[in-house]
Amino acid sequence: MAEGNWTPSVSSNGAAAAEESPNMIVYRKMEDIVTRMQDEKTGVPIRTVKSFLSKIPSVFTGADIVQWLVKNLLTEDQESLHLGTLIAAHGYFFPISDHVLTLKDDGTFYRFQTPYFWPSNCWEPENTDYAVYLCKRTMQNKARLELADYEAESLARLQRAFARKWEFIFMQADAQAKVDKKRDKIERKILDSQERAFWDVHRPVPGCVNTTEMDIKKSCRIKNPHRTRKSVYGLQSDSRHPSPTHSTTRDAQPPTEEELKRQVAFLQAQLDRHRMKMSKVSESLIAYTEQYGDYDPFLCIPEPSNPWHTEDVTLWDTEASKEPSQSRVRLWSFTMEAVLKDPVGRDQFLKFLESEFSSENLRFWLAVQDLKRRPLREVPARAAEIWQEFLAPGAPSAINLDSRSYDRTQQNVREPGRYTFEDAQEHIYKLMKSDSYARFLRSSVYQELLQAKKKVKSVTAKRLTSLVQ
């Protein structure tokens with residue numbers, strides 16, 4: 001073999017011989033169920049549904065899945081719904097009109113994922129692949145494939161991260177878009193939805209569980225054909241796989257060639273997986289550093305001077321004032337936490353929600369935050385006030401909660417504490433983050449405030465330049 005750029009790869013025979021990981025065993029079990037669901041005679045009924053001026057091909061309802069699981073696996077309704085949600089979370093079937101991979105026992109339409117995108121193929125995509133996909137989506141039919149808010153933010157972040165090779169990414173996306181245009185309309189619609197579902201698994205909606213991530217401790221506990229175990233005398237080899245350096249008897253034989261191949265295949269697979277995870281960590285760290293670099297006083301000189309180095313406290317007075325600086329306003333666009341931590345940003349966000357008649361969400365969130373800081377003797381009375389104002393039947397500022405969060409909160413109110421409304425607060429926070437916060441950043445209120453601060457900064461710079469000259 002020639003020396004040079006050599007990348008270790010796992011042969012198909014070696015991979016088949018190696019012991020399967022716990023995740024792979026779970027994948028096989030789910031795929032057996034999905035394969036039975038797709039049987040033409042005994043599977044879930046797949047049909048084409050007529051919609052207004054169009055047809056929706058190859059779909060079934062969530063109720064069909066639940067009924068099939070109850071009938072064929074002899075489970076209860078709740079067990080079937082839970083099992084179906086687990087299978088959907090891994091992307092084996094998906095809702096055609098939503099990015100959240102859950103199963104609903106109603107008339108919501110779902111579609112099966114093609115085996116090419118199944119998790120058992122161990123295909124771990126890179127961020128460049130995701131950039132190509134999002135870029136291609138912007139070139140296609142905008143009415144049908146418009147980017148969600150979190151996808152648009154991801155595209156902007158990836159464009160900054162891959163600025164040097166963005167032209168190459170754009171060319172790849174353009175070539176794929178041209179190939180897709182040549183496909184049949186129905187086939188293209190199905191393939192687009194399956195590709196979107198694949199990325200919903202590997203780049204899920206914020207707040208949803210990422211089933212592709214593996215905890216580092218769990219990764220280290222993966223079953224190894226030549227694992228070692230602890231004993232009272234230290235480390236020794238597993239008795240099922242004796243090694244020449246840790247033999248338990250004098251007649252122990254060295255591992256065979258087949259055992260060594262299995263071990264090499266397993267270690268290569270682990271090496272590839274961890275190297276890929278490290279690359280993702282590095283990309284995230286670089287993106288975070290680039291985003292917050294302007295706010296690090298050790299990297300950029302603050303304006304005015306750093307009060308930790310000088311006696312000048314103008315910086316603190318400016319940050320505490322009700323007239324925020326341009327950098328402070330720009331910081332609000334990074335995360336919703338930055339808006340809620342800043343008193344001025346919080347007031348502006350509240351005014352925006354009042355204009356949309358949804359200020360009760362933020363007022364409820366702030367009331368719960370205040371409850372957590374109250375003395376313990378005041379908690380029961382304050383909890384009752386919050387319940388009557390936001391959650392009780394006929395409440396003057398009723399908030400929209402899902403049944404699960406409402407039932408838990410109703411149960412917690414019977415014995416109120418500082419964290420009585422924790423579930424409801426988390427639900428409202430996610431609701432504001434995924435909906436209201438994105439609209440606030442696009443609103444004229446925020447844009448005018450941001451542009452006004454930019455103009456003030458530019459006028460000040462011109463005056464200083466003229467004085468120097």
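Some values worked out for this structure:
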item: Highest average packing first - 53-61, 391-399, Cβ atoms within 10 Å; result: 53-61, 391-399
item: Coil-residue GluC sites (Glu not before Pro) of the stretch 320-390, DSSP, other Cβ within 10 Å capped at 15; result: Glu356
item: Length added when fully stretched, Ala63-Lys29, from 0.36 nm per residue minus Cα-Cα; result: 10.1 nm
item: Label-to-label distance, nm, for residues given as Lys372 and Glu124 (7 Å Cα→Cβ offset); result: 3.3
item: The stretch 299-443, Cα convex hull volume normalised per residue, Å³; result: 144
item: Surface share of carbon and sulfur [accessible, 1.4 angstrom probe, percent] for the stretch 366-434; result: 46
item: Ranked order, Tyr116, Tyr446 - accessible area, probe 1.4 Å, largest first; result: Tyr116, Tyr446
item: Inter-label distance, nm, simple model (7 Å from Cα along the C-beta direction), Ala395/Leu147; result: 3.6
item: Lys433 accessible area, assembled protein chains, probe 1.4 Å, Å²; result: 90
item: Accessible area (Å², per residue) of the stretch 348-399, counting only protein heavy atoms and a probe of 1.4 Å; result: 52
item: Rounded percent of accessible protein surface that carbon and sulfur make up, the stretch 119-190, 1.4 Å probe; result: 52
item: Label-point separation, Arg330 to Gln411 (7 Å along Cα→Cβ), nm; result: 4.8
item: Chain lengthening between Glu258 and Leu73 when straightened (0.36 nm per residue, less Cα-Cα); result: 62.7 nm
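The values are calculated or read from the model by the stated rules, or taken from the named source; none is laboratory data. Computed from a prediction, not measured in an experiment: that's the story for all the values here. In this analysis, Cβ positions are derived from the backbone assuming ideal geometry, glycine residues included, and neighbour counts consider all displayed protein chains. Remember, those area values only see protein heavy atoms, side chains included, never the ligands or the DNA or RNA. Shrake-Rupley method; radii C 1.70, N 1.55, O 1.52, S 1.80 Å.
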